[in-house]
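See structure below.
The values are calculated or read from the model by the stated rules, or taken from the named source; none is laboratory data. Computed from a predicted model, the values in this text were never measured in an experiment. Please note: Cβ atoms are built from the backbone with ideal geometry, for glycine as well, and neighbour counts cover all protein chains shown. Ligands, DNA and RNA are excluded from the accessible area calculation, which covers all protein heavy atoms including side chains. Shrake-Rupley method; radii C 1.70, N 1.55, O 1.52, S 1.80 Å.
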Amino acid sequence: MKLDILAFGAHPDDVELGCSGTLAKEISLGKKVGIIDLTRGELGTRGSVEIRNEESEAASEILGIAVRENLDMRDGFFINDENHQLKVIEMIRKYQPEIVICNAIDDRHIDHAKGSKLVSDACFLSGLVKIKTLSNNLPQEAWRPKLVYHYIQWKNIEPDFVVDISNFIDKKEAAILAYSSQFYNPNSNEPVTPIATKNFLESIHNRSRELGRLVGTEYAEGFTVERYLAVNSLSDLI
């Protein structure tokens with residue numbers, strides 16, 4: 001299955017928090033979108049691997065994701081080396097996305113910046129024909145995405161561009177809340193973590209509202225880029 005967009009997250013729920021409004025919008029426009037989680041989030045204080053697997057399936061169904069896979073890297077301990085790069089390259093070549101979206105370039109959780117660089121490096125390497133990979137014991141063709149974007153997570157990184165998600169904020173928030181083990185629940189007896197607070201959930205909503213305000217819409221999501229954005233005409237900018 002060839003995808004238009006492939007989004008990567010170091011942990012299940014990273015993509016939902018960072019760019020699920022944009023993905024839902026692109027899916028509504030007929031684009032095929034997939035998600036690759038690098039780890040199972042097994043070091044998370046709350047929940048379990050089994051619960052998070054169920055939650056990621058529920059979130060994917062809410063968003064209409066075409067395919068979702070997990071690379072089973074070690075939460076907290078994966079590194080940006082050849083073995084890990086090859087796992088990501090195999091996914092890029094398998095789905096041949098035009099656009100890849102990945103973790104924030106800098107963030108509170110160490111896996112986020114690591115995952116960001118790992119995926120970005122793999123996108124470049126995936127285009128080199130002398131790197132050989134297999135899928136179902138068959139050679140894969142080299143493939144390099146045309147664009148690599150990074151969503152914004154805990155830190156308030158200044159975006160290079162934003163996407164209007166005004167009609168998709170409800171779907172974004174529903175996909176986030178599918179991870180009920182991870183986020184604020186006044187009836188939960190599990191330990192409180194930085195993301196399991198009412199303030200954190202409100203901050204996700206408020207960031208989308210603030211970015212929307214700055215560009216004249218209700219809600220928006222921000223992204224950073226690795227190279228200049230180019231347009232054919234000034235009228236393409238709105």
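Worth a mention:
- Looking only at residues of segment 185-207 that are surrounded by fewer than 11 Cβ atoms within 10 Å (Cβ to Cβ) and within 19 Å of Leu43 (Cα to Cα), we find that the one that is modelled with the highest pLDDT is Pro191.
- Residue in segment 173-190 that is touching a Phe, Trp or Tyr at 6+ places or on another chain (Cβ under 6 Å) and either in contact (Cβ under 8 Å) with a residue 24 or more places away in the chain or within 25 Å of Asp106 (Cβ to Cβ) (or both) present: no
- With respect to being under 18 Å from Ala104 (Cα atoms), in contact with a His (Cβ under 9 Å, 6 or more places away or on another chain) and either part of a helix (DSSP H, G or I) or modelled with pLDDT under 95 (or both), Gly18 fits the description.
- Trp143 within 29 Å of Gly212 (Cβ to Cβ) and touching a residue at least 12 places away in the same chain (Cβ under 8 Å): no
- Which numbered condition Asp164 fails, given (1) more than 25 Å from Arg213 (Cα to Cα); (2) open to solvent by 30 Å² or more (accessible area, probe 1.4 Å): (1)
- Top-ranked residue of segment 208-238 - restricted to ones that are at pLDDT below 95 and outside any loop (DSSP other than H, G, I, E, B), ranked as nearest to the chain's Cα centre (by Cα): Asp236
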